[in-house]
Amino acid sequence: MKNTSRRSFVKNLGLGISSTAILPTLTSFEILSEKNIKVEEEKKLNVALCGLGRYANILATGLMESEYCNLSGIVTGTPEKALHWKSKFNIPEKNVYNYDNFDKIRNNNDIDLVYVVLPNSMHKEYTIRAANAGKHVIVEKPMAFTVQDCKEMIDTCENAGVQLAVGYRLHYEPHHIEIKRLGQEKVFGQIRLIQSSLGYNLGGISPDDWHLKKNMAGGGPLMNLGVYCIQSGRYVLGEEPISVTAQFGPVTMPELFKEVEESISWQLNFPSGAVCTSTTTSNCNIDRLFASAENGFFELSPAISYGPFKGRSSEKEFNFPVINQQAAQLDGIGKFILAKKKLPKHISGEEGLNDIRVIEGIYQAAQNSQKVVLT
């Protein structure tokens, strides 16, 4: 289907479009919860992107399509990038910062929020610096390296009176809204098994890429991709896992994976008795989510990358529009901040902390070859 903006998607839901019988059910969960959030007409949240790597370019496209957010500033350590972005997006010089003068952003009333899109090791520092400068923050996944780091980030934002969100774009994507509904409302009965895996073949990656450096990435594919698999298991069930077992995979590219894992598999156990099995890897391509329940199943494949997604249940094929996931996420967050309402838990710092708690448990289970109880 053609790319559709989130606001037109929600509008069509309200009008009762009939392209599929599934669509009206999406008014449960987040879309419904946002209907009562009122924002002043024409008002937008002014966003500065902190870090101008590959994903920042994707976010910039989302900002161009966003109803509630506007690209107003940039933070980069590369002068050439600063010149390019200033010209391309008409960003005034006073809204351009580097990592040395970043703290002066506190004096800029034309920037409301800093979106941290830096290597993982820099998430904590720049979230805290942005909060101390009085700016709201969105930080990309994984939120930080440790649970303690996440707690410090949350506490700093709360003490500064600013809001902290984590870049969970899939919570606003229609296929994922639907699988949450199917799972949490037990449409096919109690879910017994979830399989959720994501991997890419990184055989051609540069040995100098920061994703291969433990001190910058924090880990391998578990940190950078596995968070999606953990998320999907948690939000399909609406439960928190209680224990985990895990196993490191074989190293097929030792010249690249000297510091971080190349592959890892794990099994999350949930209070209802459901099990979520996952693999995340850097040596092959996989992008799949499958849930088996008492009376049926549902699945997505592609499932958790950038899409376009394709899915079905044991009753019918899914038929949802392709939306700009970044614009949807930005609008979902921006609307709450503009209305001075507390952000929903599912995209908050607390949610990011919960994922890191599970990641810490997975690494511990794999290293010790034993079940780890998650507390």
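For the stretch 155-206, taking the residues that are over 24 Å from His123 (Cα atoms) and basic (Lys, Arg), the one that is surrounded by the most Cβ atoms within 10 Å (Cβ to Cβ) is identified as Lys180.
Within the stretch 92-119, work out how many residues are in a loop (DSSP other than H, G, I, E, B), under 20 Å from Gln326 (Cα atoms) and touching a strand residue (DSSP E or B) at 6+ places or on another chain (Cβ under 7 Å). Steps first, please.
Filtering the stretch 92-119 for residues in a loop (DSSP other than H, G, I, E, B) gives 92, 98-101, 108-112, 117-119.
Still in the running and under 20 Å from Gln326 (Cα atoms): 111-112, 117-119.
Still in the running and touching a strand residue (DSSP E or B) at 6+ places or on another chain (Cβ under 7 Å): 111-112, 117-118.
Adding up the residues that qualify gives 4.
Within the stretch 280-304, residues that are of a type in the set (Lys, Arg) reach partners that are in a loop (DSSP other than H, G, I, E, B) and surrounded by 24 or more Cβ atoms within 10 Å (Cβ to Cβ) with beta carbons closer than 6 Å, at six or more positions or on different chains, in the pairs Arg288/Ala303.
Restricting the first member to the stretch 134-146 and to residues that are more than 14 Å from Leu353 (Cα to Cα) and modelled with pLDDT of 95 or more, and the second to residues that are of a type in the set (Asp, Glu) and not in a loop (DSSP other than H, G, I, E, B), no beta-carbon pair is closer than 6 Å while six or more apart or on different chains. In the set (1) of a type outside the set (Val, Ile, Thr); (2) touching a residue at least 40 places away in the same chain (Cβ under 8 Å); (3) in contact with a strand residue (DSSP E or B) (Cβ under 8 Å, 6 or more places away or on another chain); (4) within 30 Å of Val137 (Cβ to Cβ), the condition left unmet by Gln329 is number (3). Selection within the stretch 305-328: residues that are part of a loop (DSSP other than H, G, I, E, B) and of a type in the set (D, E, K, R). The member of this set that is nearest to Gln231 (Cα to Cα) is Lys310.
Among the residues of the stretch 211-232, are any outside any helix (DSSP H, G or I), within 28 Å of Asp331 (Cβ to Cβ) and of a type in the set (S, T, N, Q)? There is no residue in the stretch 211-232 that is outside any helix (DSSP H, G or I), within 28 Å of Asp331 (Cβ to Cβ) and of a type in the set (S, T, N, Q).
If you filter the stretch 236-260 down to residues that are part of a loop (DSSP other than H, G, I, E, B) and under 21 Å from the mean Cα position of the chain (by Cα), you find that the one that is surrounded by the most Cβ atoms within 10 Å (Cβ to Cβ) is Pro241.
So which residues in the stretch 104-133 are without any contact (Cβ under 8 Å) to a residue 40 or more places away in the chain, of a type in the set (D, E, K, R) and within 24 Å of Arg169 (Cα to Cα), if there are any at all? Show your work before the answer.
First, the residues of the stretch 104-133 that are without any contact (Cβ under 8 Å) to a residue 40 or more places away in the chain: 104, 106-109, 123-125, 127-129, 131-133.
So of that shortlist, the ones also of a type in the set (D, E, K, R) come out as 104, 106, 124-125, 129.
The answer is Lys124, Glu125, Arg129.
Residue by residue through the stretch 340-375, note down the ones that are farther than 16 Å from Ile138 by Cα, surrounded by fewer than 21 Cβ atoms within 10 Å (Cβ to Cβ) and either in contact with a Cys (Cβ under 7 Å, 6 or more places away or on another chain) or at pLDDT below 95 (or both). The one that is farther than 16 Å from Ile138 by Cα, surrounded by fewer than 21 Cβ atoms within 10 Å (Cβ to Cβ) and either in contact with a Cys (Cβ under 7 Å, 6 or more places away or on another chain) or at pLDDT below 95 (or both): Thr375.
Okay, residues lined up against (1) in contact with a strand residue (DSSP E or B) (Cβ under 6 Å, 6 or more places away or on another chain); (2) free of Cβ contacts under 8 Å to residues at least 60 places away in the same chain; (3) of a type in the set (S, T, N, Q); (4) part of a helix (DSSP H, G or I):
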site: Phe336; (1), (2), (3), (4): no, no, no, yes
site: Leu343; (1), (2), (3), (4): yes, no, no, no
site: Asp355; (1), (2), (3), (4): no, no, no, yes
site: Val358; (1), (2), (3), (4): no, no, no, yes
site: Thr375; (1), (2), (3), (4): no, yes, yes, no
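Screening Trp210 against (1) without any contact (Cβ under 8 Å) to a residue 60 or more places away in the chain; (2) farther than 25 Å from Ser272 by Cβ; (3) surrounded by fewer than 18 Cβ atoms within 10 Å (Cβ to Cβ) leaves a single unmet condition, (1). Among the candidates Tyr99, Tyr126, the residue that is more than 19 Å from Leu59 (Cα to Cα) and of a type outside the set (A, V, I, L, M, F, W, C) is uniquely Tyr99.
Have a look at Tyr228, Tyr235 and point out the one that is at pLDDT 95 or above, farther than 11 Å from Leu268 by Cβ and in contact with a His (Cβ under 8 Å, 6 or more places away or on another chain).
Details: Tyr228 fails: in contact with a His (Cβ under 8 Å, 6 or more places away or on another chain).
Tyr235 is the lone residue from the list that is at pLDDT 95 or above, farther than 11 Å from Leu268 by Cβ and in contact with a His (Cβ under 8 Å, 6 or more places away or on another chain).
Taking the criterion of being within 26 Å of the chain's Cα centre (by Cα), assigned to a helix (DSSP H, G or I) and more than 30 Å from Leu212 (Cα to Cα), the residues of the stretch 64-87 that qualify are Met64, Glu65.
The values are calculated or read from the model by the stated rules, or taken from the named source; none is laboratory data. Note that the coordinates shown come from a computational prediction; the quantities given were computed from them, not determined experimentally. Don't worry about glycine lacking a Cβ; one is built from the backbone with ideal geometry, like all the others, and counts go over all protein chains shown.
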